[in-house]
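Step one of this worksheet: look at the structure below.
The values are calculated or read from the model by the stated rules, or taken from the named source; none is laboratory data. Bear in mind that the values here come from a model prediction, so they are computed numbers and not experimental data. Neighbour counts are summed over all protein chains in view; Cβ atoms, including those assigned to glycine, are modelled from backbone coordinates with ideal geometry. The accessibility values were calculated without ligands, DNA or RNA, using every heavy atom of the protein model including side chains. Shrake-Rupley method; radii C 1.70, N 1.55, O 1.52, S 1.80 Å.
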Amino acid sequence: MKELQHLPSKKTIALVAHDHKKDELLDWVKRHKSILIKHQLIATGTTGKLISESLNVDVTRVMSGPLGGDQQLGAMIAEHKINMVIFFWDPMESQPHDSDVKAFLRLCVVWNIPTASNSASADFLITSKYMDEDHSVPLPDYKTYLNRNIKKGI
């Protein structure tokens with residue numbers, strides 16, 4: 001039987017937006033304020049400040065993405081401390097921390113975290129029947145990977 005990750009009814013939601021997507025994310029959080037205020041919100045630096053001011057709610061803030069915030073959130077995902085990610089990233093502009101962004105998104109997939117990258121997918125996640133109830137998702141089984149035969153000297 002697969003191991004399950006419990007997603008509580010009060011979820012920890014990471015909110016991230018690249019500079020040219022911050023206004024779009026702010027519009028989205030305003031539209032969904034009544035849902036979001038029931039959950040624990042965490043965000044990268046400036047995005048968190050803007051969301052906190054916009055919704056008049058507490059938002060836990062990590063560092064700005066380019067200064068390590070994406071990696072901080074990634075570590076929290078690996079520790080099963082984040083239940084959902086809303087990340088409005090800019091597909092039209094290269095970021096100075098693209099490798100961090102890729103690593104962060106990779107961890108969302110590695111740990112089977114519900115993730116949205118635009119307002120349409122975020123709308124689907126936030127209005128899911130699982131949003132306000134306990135729910136369990138299967139954790140990927142990495143035992144084979146962890147127990148692989150590693151040859152010394154390679």
| task | Take region 39-78 and flag every residue that is farther than 18 Å from residue 20 by Cα, open to solvent by less than 50 Å² (accessible area, probe 1.4 Å) and not hydrophobic (A, V, I, L, M, F, W, C). | result | 39, 52, 68, 74
| Matching helices (runs of 4 or more DSSP H) fully within region 74-154 where at least 2 residues are in contact with an Asp or Glu (Cβ under 6 Å, 6 or more places away or on another chain) | 98-110
| message | I'd like to know if region 79-92 contains one or more residues that are over 27 Å from residue 135 (Cα atoms) and either open to solvent by less than 70 Å² (accessible area, probe 1.4 Å) or polar (S, T, N, Q) (or both). | response | yes
| query | Any residue at all in region 113-136 that is loosely packed, with under 15 Cβ neighbours inside 10 Å, in contact (Cβ under 8 Å) with a residue 12 or more places away in the chain, among the hydrophobic types (A, V, I, L, M, F, W, C) and touching a helix residue (DSSP H, G or I) at 6+ places or on another chain (Cβ under 7 Å)? | reply | no
| field | Hits in region 35-73 - residues which are assigned to a strand (DSSP E or B) and either over 15 Å from residue 122 (Cβ atoms) or of a type in the set (Phe, Trp, Tyr) (or both) | value | 40, 42, 60, 61
